[in-house]
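**Student:** I have a structure I would like to understand better, so I am pasting it below and will then ask my questions one at a time.
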Amino acid sequence: MTLQTVTALNNALCIQPGFTLLRFGTHVFYFGQKGWPKRSCPTGVFLVDLKNNELKLRPTMFSNDSCYLPPLRQPAVCSLPSEGGEVKRYLIHGGKTPNNELSHKLYIMSNASLAGKKVTLCCSEKDLEGDVPDARYGHSMDVVQSRGKSAVVIFGGRSYLPLNQRTTETWNSVTDCQPLVYLIDLQFGCSTAYALRELQDGISFHASLAKNDTVYILGGHSIENNYRSRNIYKIKVDLPLGSPKVTCTVLQGGISFSSSILTQTNPDEFIIVGGYVSDSQKRLTCNRLCLSEDTIDIQEMEAPDWTGEIKHSKMWFGGDMGHGVVLMGVPSDNKHQNSEGNFYFYVLNLGQNEDLMIQSCSQGSTEEQEESTPLEDSEEFTFSSIFDEDVYNEDDEEDESETGYWIDCCKDCNVDINTWVPYYSTELNKPAMIYCSKDGGHWVHAQCMDLSESTLIHLSENNVKYFCNDHVQLSRGLQTPKKTMPPQKAPMKPIRKKNSIKRISEGKKSFLRRLFE
């Protein structure tokens, strides 16, 4: 067990709580960046380059047939089983966008190509029918195998209040999702919801792990009663030729936690790292979970030698890099903030292979390299088994028309979907897009609505309802401000010159002399 400090360099400002790490073979990808993708990385997915205790994020491209994947924080992610045990596809469901919109979509991400110098990914959207899970975040997703068939299990999470219950004051308030178990057939896209009497409370930010036809739900937090349960929910899925059967058993002897990181060290062993035991207390212990055919054994293990920054910070976050390696971050104090970001980052290795800590996820040389410059608009990561350094070739530039940013907007949208760069900051308090509240809501570009930055700040800080130009007939809430011409101001009278004033003064003196003579 080792804990090492790493220095975040390229694109470190993109790293924020709620991110996800995806591992394809020896390559680890960062997903869930801060803000909407920009031209430096229009896809918002980065290759993690970790060597010599330096963490760099390299832009990654998607294939031409990929759908758009927004940067999502706190989604549910799981890998799809494949022959040989190597992960080739991931499922991504739900999560928050930088505008705090919740996603209800299910994406499939795969490794499209490693040919040439580029790592290329492919993303597709899977349409669902039936009992489709609502938009949510902080939930779990697992794949189970039964009778030679497979299914996806989705459980828990949080969502916004329904539109008919939301007011200006509670517009961004969240609640526990219903404690339903969703079973999804990926082949046909059919989703079925199951209500189990053992599951009475909504749970979010829990840990889940699957073995064969069983999913174990551990920990998690319930908003309704502010409780972190010690129960372990054992959900068993049977997939006969007819209707599936889903049952739940409540096991005792669990542990209380939320927002922990779950990493796998071998096929039947998992380790829980980090998290919280209450709203104001971090969980500094680690636990080893061992799965057998029908039981789960939980044992407390020796904790790492946490640094002072980790012990005294109020929050921490991270993601699983695979093979028992975890990337963690804690806020830095104001006195030691660096130019690249406001977090200290650590790599914790809980597996057997200590060399994974120093391996470059880009498969490059571990020799000392020059400090890389900030990413330009079309810079990409390249790799080669011959050269030790990352090489950028101008001829390798991708056509941005194939990888640009796009999203549905108003019918008169005049934004170029291939090259558009937001006019304004894309922080959460300064969104470059505005949510129209009409008919279930939709997003519109601030540029199309002719909104000023001050108006954007007002909309986001006060949580007021907004209606786009197409829906201004709704005379309630805050409507799109109309363009007004500046008022006409009368020109000011010209100022008399000094010599004119002097002549007037001399005339007055001459008149007074004649008056008193």
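The values are calculated or read from the model by the stated rules, or taken from the named source; none is laboratory data. All values derive from a computational prediction rather than experimental measurement. Cβ: placed from backbone, ideal geometry, glycine included. Neighbour counts: every protein chain shown. For the accessible areas, the whole protein counts, side chains as well, though only heavy atoms, and no ligand, DNA or RNA atoms are used. Shrake-Rupley method; radii C 1.70, N 1.55, O 1.52, S 1.80 Å.
**Student:** Scan segment 91-104 residue by residue and report those that are open to solvent by 30 Å² or more (accessible area, probe 1.4 Å) and either within 19 Å of Gln187 (Cα to Cα) or of a type in the set (Phe, Trp, Tyr) (or both).
**Tutor:** Within segment 91-104, just His104 meets the criteria.
**Student:** With the requirement that a residue be touching a Ser or Thr at 6+ places or on another chain (Cβ under 8 Å) and more than 17 Å from Leu209 (Cα to Cα), what does segment 239-267 give you?
**Tutor:** Across segment 239-267, the qualifying residues are Leu239, Pro244.
**Student:** Has segment 199-207 got any residue that is modelled with pLDDT under 95, farther than 24 Å from Gln264 by Cα, out of contact with any Ser or Thr (no Cβ under 9 Å at 6 or more places or on another chain) and open to solvent by 20 Å² or more (accessible area, probe 1.4 Å)?
**Tutor:** yes
**Student:** For segment 154-191, which positions are of a type in the set (A, V, I, L, M, F, W, C), closer than 21 Å to Ser243 by Cα and assigned to a loop (DSSP other than H, G, I, E, B)?
**Tutor:** To start, the set of residues in segment 154-191 that are of a type in the set (A, V, I, L, M, F, W, C) comprises 154-155, 161, 163, 171, 174, 177, 180-181, 183-184, 186, 188, 190.
Now narrow it down to the ones that are closer than 21 Å to Ser243 by Cα: 154-155, 180-181, 183-184, 186, 188, 190.
Within segment 154-191, Leu186, Phe188 meet the criteria.
For every residue, the table says whether it meets (1) surrounded by fewer than 15 Cβ atoms within 10 Å (Cβ to Cβ); (2) assigned to a strand (DSSP E or B).
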position: Pro240; (1), (2): yes, no
position: Asn287; (1), (2): no, yes
position: Glu293; (1), (2): yes, no
position: Gln299; (1), (2): yes, yes
position: Glu309; (1), (2): no, no
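**Student:** Looking at Asn164, Asn172, can you tell me which residue is open to solvent by 40 Å² or more (accessible area, probe 1.4 Å) and free of Cβ contacts under 8 Å to residues at least 12 places away in the same chain?
**Tutor:** Exactly one residue qualifies, and that residue is Asn164.
**Student:** Using beta carbons and a limit of 8 Å, which pairs, at least six apart or on different chains, have the first residue in segment 196-214 and assigned to a strand (DSSP E or B) and the second one charged (D, E, K, R) and open to solvent by less than 40 Å² (accessible area, probe 1.4 Å)?
**Tutor:** Short answer, once both residue conditions are applied: Ser204/Arg158; Ser204/Asp176; Ser208/Asp142; Leu209/Asp142; Ala210/Asp142; Thr214/Lys234.
**Student:** Check segment 59-78 and report whether any residue there is among the charged types (D, E, K, R) and farther than 30 Å from Val144 by Cβ.
**Tutor:** Within segment 59-78 (the criterion being among the charged types (D, E, K, R) and farther than 30 Å from Val144 by Cβ), the answer is no, since none of the residues qualifies.
**Student:** Sticking with this one: If I ask for residues that are under 23 Å from Gly308 (Cβ atoms), among the small types (Gly, Ala, Ser) and open to solvent by 20 Å² or more (accessible area, probe 1.4 Å), which ones from segment 249-285 would you list?
**Tutor:** Ser259, Ser260, Ser278, Ser280, listed by residue number.
**Student:** Which strands (runs of 3 or more DSSP E) sit wholly inside segment 1-90 and have at least 1 residues that are open to solvent by 20 Å² or more (accessible area, probe 1.4 Å), in contact with a Cys (Cβ under 9 Å, 6 or more places away or on another chain) and without any contact (Cβ under 8 Å) to a residue 40 or more places away in the chain?
**Tutor:** Ranges flagged: none.
Residues are listed down the side, and each one gets a yes or a no for (1) among the acidic types (Asp, Glu); (2) closer than 28 Å to Asn111 by Cβ; (3) open to solvent by 10 Å² or more (accessible area, probe 1.4 Å):
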residue	(1), (2), (3)
Gly157	no, yes, no
Pro179	no, no, yes
Lys211	no, yes, yes
Leu218	no, no, no
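**Student:** Might you let me know whether segment 139-153 holds any residue that is open to solvent by less than 10 Å² (accessible area, probe 1.4 Å), assigned to a loop (DSSP other than H, G, I, E, B) and in contact (Cβ under 8 Å) with a residue 40 or more places away in the chain?
**Tutor:** no
**Student:** Suppose we filter segment 91-126 for residues that are modelled with pLDDT of 85 or more and not in a loop (DSSP other than H, G, I, E, B); how many remain?
**Tutor:** Residues in segment 91-126 being modelled with pLDDT of 85 or more and not in a loop (DSSP other than H, G, I, E, B): 18 in total.
**Student:** What number of residues within segment 62-103 are in contact with an Asp or Glu (Cβ under 6 Å, 6 or more places away or on another chain) and more than 15 Å from Leu22 (Cβ to Cβ)?
**Tutor:** Our first condition is that a residue be in contact with an Asp or Glu (Cβ under 6 Å, 6 or more places away or on another chain); within segment 62-103, this holds for 64, 67, 78.
Narrowing further to those that are more than 15 Å from Leu22 (Cβ to Cβ): 64, 67.
The total comes to 2.
**Student:** For Arg228, all conditions in the list (1) among the charged types (D, E, K, R); (2) farther than 18 Å from Ser292 by Cα; (3) in contact (Cβ under 8 Å) with a residue 12 or more places away in the chain; (4) open to solvent by 40 Å² or more (accessible area, probe 1.4 Å) hold save one; what is the number of the exception?
**Tutor:** (4) is the only condition that Arg228 fails.
**Student:** In segment 314-351, which residue that is farther than 19 Å from Leu13 by Cβ and assigned to a loop (DSSP other than H, G, I, E, B) is modelled with the highest pLDDT?
**Tutor:** Restricting to residues being farther than 19 Å from Leu13 by Cβ and assigned to a loop (DSSP other than H, G, I, E, B), the top hit is Gly324.
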